Amino acid sequence: MVFADRVWGVLALLGGLAIIFAARSFPVIPGQAYGSALVPTLIGVGFLLCGTILIVGDLRRSPRPPVFHLDPEAGSPSRLLDVLSVPAAVLAFILLLHPLGFVPVATLVVGGLIWRFRRGRPLSALITAVTFALFTDWLFRHLLLVPLPLGLLSSWLG
Amino acid sequence: MDTILTALSYALAPSTLVVVFFASLFGLFVGAMPGLTATLATALLVPVTFFMEPVPALAAIVSATAMAIFAGDLPGALLRIPGTPASAAYVDDAYRLTLKGQAELALGAGLVFSVIGGLVGALVLVIAAPLLAEIALSFSSFEYFWLSLLGLSCAVFVATGKPVKGAVSLLLGLFISTIGIDVAAGYPRFTFGITELMGGVSFIPAMIGMFALSEVLRWAVGHRRAGVLVQQRIGNIFRGQLGLLRRYPLGLIRGSLLGTAIGILPGAGADVAAWVSYAVSKRFSREPEKFGTGHVEGIVEAGAANNGALGGAWVPALVFGIPGDSVTAIVIGVLYMKGMDPGPTVMLERPELLYAVFSTFFLANLLMLPFGWLAIKCFRRVLHVPREVLMPAILLLCMVGAFAINNTVFGVGIMLVLGVLAFFMEESGFPVAPAILGIVLGPLVEENFITSMIKAEGHVLAFFERPIAAGLGILTILVWAMTVRRALRPEPQIAVSAG
Amino acid sequence: MRRRQLLAAASASAIVALTATKAHAAWPERPITIIVPWGAGGGTDATARILASLMERELGVPVNVVNRTGGSGVVGHSAIATATPDGYTLGIVTVEIGMMHWAGLTDLDWRAYTPLALYNEDPAGVQVRADAPWNTAKELLDAIRSNPPGTFKASGTGQGGIWHLALAGMLAAAGMEPDRVPWVPSQGAAPGLQDLVAGGVDIVTCSVPEAKGLIDAGKVKSLAVMASERNPVFPNVPTLEEATGVKWTLGAWRGVAGPKGLPQEVVDRLVPLLKKIHDSQEFRDFMAQRGFGVIWKGPAEFAEFMAQRDASLGEVMKKLGLAKA
């Protein structure tokens, strides 16, 4: 999944401009000529410079690389689903952690991913996931005192 | 002499040894978990140390942190997930060594040179603490500004591939470090009204995302074959270490001393030490082109440096009550609680306690050899787990680690965003190491820059008025001039294939 | 198909769990979290941890300290305020709660909390390098007055932080412009003191206990405390009024609070408990050792105290130009 340098260059230019523009509203330190805006502005200028170099360098290359390049193997729908399942799992963790609690969400996320990656055997995935979720919960909540939310199981695991 | 004997009797008392034993196991475990740092290990130990005598209490912290910094190398080498930020600098080299089937070399080097670095740091602490603390204390924001800028130049050396791509990555890291309430004017920047962002982007979730999550993604994309570990068993980790010792004696000494020195400077700890040492190692190496491709030299030097920094950080903490890093910030509290108020008086009033604590530094570092060996033995079992099961499990540990830093899912969100970004960056040939360096050093650079500007009332010449600052300033400008010249030269063909 | 079964199983267990929580026992039946808006190892953290370990002993459930740092205290304070008011999340509220809304950082103020107990107050001090030419606070103020503005610089916390306010208020009370001594922001007292010793700044107005290590080391001397009485741990440091005749006191305080709407049964259980801890020898010894000031105010007085401090800090900040209009 390769984006061409000129795509990154345009992103850097836009990002640099946005940073510089946003920084213009930052206040100065009372009694000084500068303040919160100085360093972000310098960073923004740096982005503009690098963006220009990236774009010019890429346009000079011949043959010009494609805007976006995907490995044929990675491009298969099933692989794409594999890739998407990872951020989806993280997103599910973020959204469901507090309503459901750690153990159910961990089971869901780990079990789901194992099932997806192995293309089958959901029961074994579920058992692995439950075991691992309970173990992680015990480790972090009891041993390391990380306050993982209990959620649904608050009366059982407390 | 009496003092030293009393000190040893404290340090080798059965109760102390038992505490050191359990604290070491605890430290190994915490360090090996992504997202859980040596600082967290210390913070978790504090309530336990309430009920201990002074020497065991401090010995617990000493041994747990030393083990944690080493243990951070384990998931780094085997899974490309640095267990603590201090292992991030050389994680690519260690991981690629494992892929090449040389895990024992990477892990063994991490262990052996951690021990040596730790011993050097402890030795410096014993011999020269008062003198060095004095020097560190004479540094004002001008000196720190130049030092942090010098640190940024390391980005050029930790980056692989095209210089401009390294620069973009560094700028991204610096930008991320400006998010949140800025230290200078107390104004919330780039927070979009989100309270959580006012505290800034935590470094740990960022690191987990950029290294670990992007690795899981890359595996899922179908680089499965590339990611399949050649190696199913790890041989004798100590084999070949003597050879490394003979091959890189200079790097080892340089890393240990530089790491200790960076530890002594307030505000910079084991993570900065590892990055700077790695860059220095590459700069002076005879084969810099091999760095980042699975080369052990950087692991030797930076692995020694991060453990050396631990001892170094105790220097200003003990002598003046000024923390050398985030671990010793907590240690100072414990010292007060145990009636060992930091300051030169502690050396005069309770020398036997102090020397007992120093002894535990040596003890902990020596214990690291057998403990580390055992930990590697246990940890390598991870490699036998099928990747389809291992990757989801790693992802869960990463999410828990990102959660634990502030106990909110917000950290997990940061991990996700930066992980996906880092994945696309790496696919397109942008190195992520400079971004991490930018996040680490960005606040130091900005804070010292703005503070110095306020003191100088905008006069740039004030940056050269103090003698040490002038020396550091000229050195920094020279290094940067050379760096830019190097970057502008037509790139050699090797750089492209390495990226 | 399988997924549906999984979902069904999950929802079944959810129902069981929900009904089980209905019949709850007396508070506390599970671990309690104390949120600290400042970093591990600092003064607030240290006092929170000793409180937590003593509470743990009394209550018989784990009491965990969680550091929610950043944003000049905004992040942690809002985490306490927005926690579920069930008694399982409490927090340490500090003086900044009466400052940050004036500075325009947040809308939060003391009204967002259920006050439980005020346990500590530390006055600001006036620290200079040990080899500085001034031996009393009066000599220092005279030097500031007779030299042009900007000659001396001061530090000790971030821009607009409590110690910045202490300096500006002192200058104003002495009849000078509050910004006659420019403020150099720092990450806290320790970096500010380090810069003082290195010669980067001339004055640090943090509390005296924070400077103890360097005072003992003979690197720093404390000229005055901005309080109405001397600190028993530092009997040789006079009050600002004794030393200069300038009437100005300011201190940082710390208290235990919960989110607004804490159940009365929790408050009734906690307040006597905190009072008992506060009066215990262990707590007193710890606070005395570090030189932390001890003070006690129960819920009603604490609320009144916060309201009063909020108003007076706001007034000072406006006068000094540190408040958002």
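The values are calculated or read from the model by the stated rules, or taken from the named source; none is laboratory data. In this text the structure is predicted, and so the values were computed from the model without any measurement. Neighbour counts are summed over all protein chains in view; Cβ atoms, including those assigned to glycine, are modelled from backbone coordinates with ideal geometry.
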Restricted to the stretch A:81-90 and to residues being within 21 Å of A:ALA133 (Cα to Cα) and more than 7 Å from chain B (Cβ to nearest Cβ), the residue surrounded by the fewest Cβ atoms within 10 Å (Cβ to Cβ) is A:ALA88
Note on the stretch C:98-140: residues within 14 Å of chain B (Cβ to nearest Cβ) and of a type outside the set (Gly, Ala, Ser) are C:MET99, C:MET100, C:HIS101, C:TRP102, C:LEU105, C:THR106, C:ASP107, C:LEU108, C:GLN127, C:ARG129, C:ASP131
### Query
Quick one: is A:ALA106 assigned to a helix (DSSP H, G or I) and either within 22 Å of the chain's Cα centre (by Cα) or facing chain B (nearest Cβ under 8 Å) (or both)?
yes
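Yes or no, residue by residue, for (1) under 26 Å from C:CYS206 (Cα atoms); (2) surrounded by 14 or more Cβ atoms within 10 Å (Cβ to Cβ); (3) not assigned by TED's automatic domain parsing to the domain that holds C:GLY43:
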{"position": "C:VAL266", "(1), (2), (3)": "no, yes, no"}
{"position": "C:LEU273", "(1), (2), (3)": "no, yes, no"}
{"position": "C:ASP279", "(1), (2), (3)": "no, no, no"}
{"position": "C:PHE283", "(1), (2), (3)": "yes, yes, no"}
{"position": "C:ALA288", "(1), (2), (3)": "yes, no, no"}
{"position": "C:LYS297", "(1), (2), (3)": "yes, yes, no"}
{"position": "C:MET306", "(1), (2), (3)": "yes, yes, no"}
Checking B:PRO163, B:PRO205, B:PRO188 in turn, the sole residue that is of a type outside the set (Ser, Thr, Tyr) and surrounded by fewer than 22 Cβ atoms within 10 Å (Cβ to Cβ) turns out to be B:PRO163
A:PRO66 meets each of (1) more than 7 Å from chain B (Cβ to nearest Cβ); (2) outside any loop (DSSP other than H, G, I, E, B) with one exception, condition (2)
The condition of being within 14 Å of chain A (Cβ to nearest Cβ) and free of Cβ contacts under 8 Å to residues at least 60 places away in the same chain holds, among B:LEU348, B:LEU416, B:LEU396, only for B:LEU396
Restricting the stretch B:17-48 to residues that are within 12 Å of chain C (Cβ to nearest Cβ) and more than 22 Å from B:ALA206 (Cα to Cα), the one modelled with the highest pLDDT turns out to be B:LEU45
Would you confirm, using the coordinates I've provided, whether B:GLU457 is facing another protein chain (nearest Cβ under 8 Å), surrounded by fewer than 20 Cβ atoms within 10 Å (Cβ to Cβ) and charged (D, E, K, R)? yes
Sole miss for B:GLU215 among (1) acidic (Asp, Glu); (2) modelled with pLDDT of 80 or more; (3) over 28 Å from A:ARG6 (Cβ atoms) is condition (3)
Yes/no for A:ILE19 being more than 16 Å from B:VAL164 (Cα to Cα), modelled with pLDDT of 95 or more, outside the structural domain of A:LEU148 (by TED's automatic domain parsing) and surrounded by 17 or more Cβ atoms within 10 Å (Cβ to Cβ): yes
Is one or more of the residues making up the stretch A:51-59 in contact (Cβ under 8 Å) with a residue 12 or more places away in the chain, out of contact with any strand residue (DSSP E or B) (no Cβ under 9 Å at 6 or more places or on another chain), β-branched (Val, Ile, Thr) and surrounded by 17 or more Cβ atoms within 10 Å (Cβ to Cβ)?
yes
Exactly one of B:ALA313, B:ALA268, B:ALA317 is closer than 22 Å to B:LEU119 by Cβ, without any contact (Cβ under 8 Å) to a residue 40 or more places away in the chain and either surrounded by 24 or more Cβ atoms within 10 Å (Cβ to Cβ) or under 17 Å from the mean Cα position of the chain (by Cα) (or both), and that one is B:ALA317
Per the filter on the stretch B:113-124, residues within 17 Å of B:ASN236 (Cβ to Cβ) and surrounded by fewer than 24 Cβ atoms within 10 Å (Cβ to Cβ) are B:VAL115
Within the stretch B:78-99, restricting to residues that are assigned to a helix (DSSP H, G or I) and among the hydroxyl-bearing types (Ser, Thr, Tyr), the one that is surrounded by the most Cβ atoms within 10 Å (Cβ to Cβ) is B:TYR90
- Query: Has the stretch A:71-80 got at least one residue that is under 30 Å from B:GLY186 (Cβ atoms), exposed (fewer than 14 other Cβ atoms within 10 Å of the Cβ), facing chain B (nearest Cβ under 7 Å) and modelled with pLDDT under 95?
  - Reply: no
| request: Would you be able to say whether some residue in the stretch B:355-375 is within 14 Å of chain A (Cβ to nearest Cβ) and either over 30 Å from C:PRO37 (Cα atoms) or at pLDDT 90 or above (or both)? | output: no
Return yes or no: is A:VAL2 under 30 Å from A:SER76 (Cβ atoms) and more than 9 Å from every other protein chain (Cβ to nearest Cβ)?
no
Residue set B:ILE262, B:ILE332; condition in contact with a Pro (Cβ under 8 Å, 6 or more places away or on another chain) and without any contact (Cβ under 8 Å) to a residue 60 or more places away in the chain; output residue B:ILE332
The stretch B:115-223: helices (runs of 4 or more DSSP H) wholly inside it with 3 or more residues that are in contact with a helix residue (DSSP H, G or I) (Cβ under 8 Å, 6 or more places away or on another chain), more than 12 Å from every other protein chain (Cβ to nearest Cβ) and not hydroxyl-bearing (Ser, Thr, Tyr) are B:141-152, B:154-158, B:203-207
Is it fair to say C:GLU96 is surrounded by fewer than 22 Cβ atoms within 10 Å (Cβ to Cβ) and not in a loop (DSSP other than H, G, I, E, B)? no
Restricting the stretch B:399-413 to residues that are part of a loop (DSSP other than H, G, I, E, B) and more than 7 Å from chain A (Cβ to nearest Cβ), the one surrounded by the fewest Cβ atoms within 10 Å (Cβ to Cβ) turns out to be B:THR408
Item checked: Hey, B:PHE51 farther than 23 Å from C:ARG68 by Cα, within 14 Å of chain C (Cβ to nearest Cβ) and either out of contact with any strand residue (DSSP E or B) (no Cβ under 6 Å at 6 or more places or on another chain) or part of a helix (DSSP H, G or I) (or both) or not -> yes
Screening C:ALA168, C:ALA143, C:ALA117 for residues that are free of Cβ contacts under 8 Å to residues at least 24 places away in the same chain, in contact with a Phe, Trp or Tyr (Cβ under 8 Å, 6 or more places away or on another chain) and of a type outside the set (S, T, N, Q) leaves only C:ALA143
Pairs returned, first residue in the stretch B:29-50 that is at negative phi, second residue that is β-branched (Val, Ile, Thr) and assigned to a loop (DSSP other than H, G, I, E, B), beta-carbon separation under 7 angstrom, 6 or more apart or interchain, are B:GLY31/B:THR84; B:PRO34/B:ILE81; B:THR37/B:THR84; B:ALA38/B:THR84
Checked B:GLY263, B:GLY298, B:GLY333, B:GLY339 against criteria (in a loop (DSSP other than H, G, I, E, B) and of a type outside the set (Val, Ile, Thr)); the one match is B:GLY339
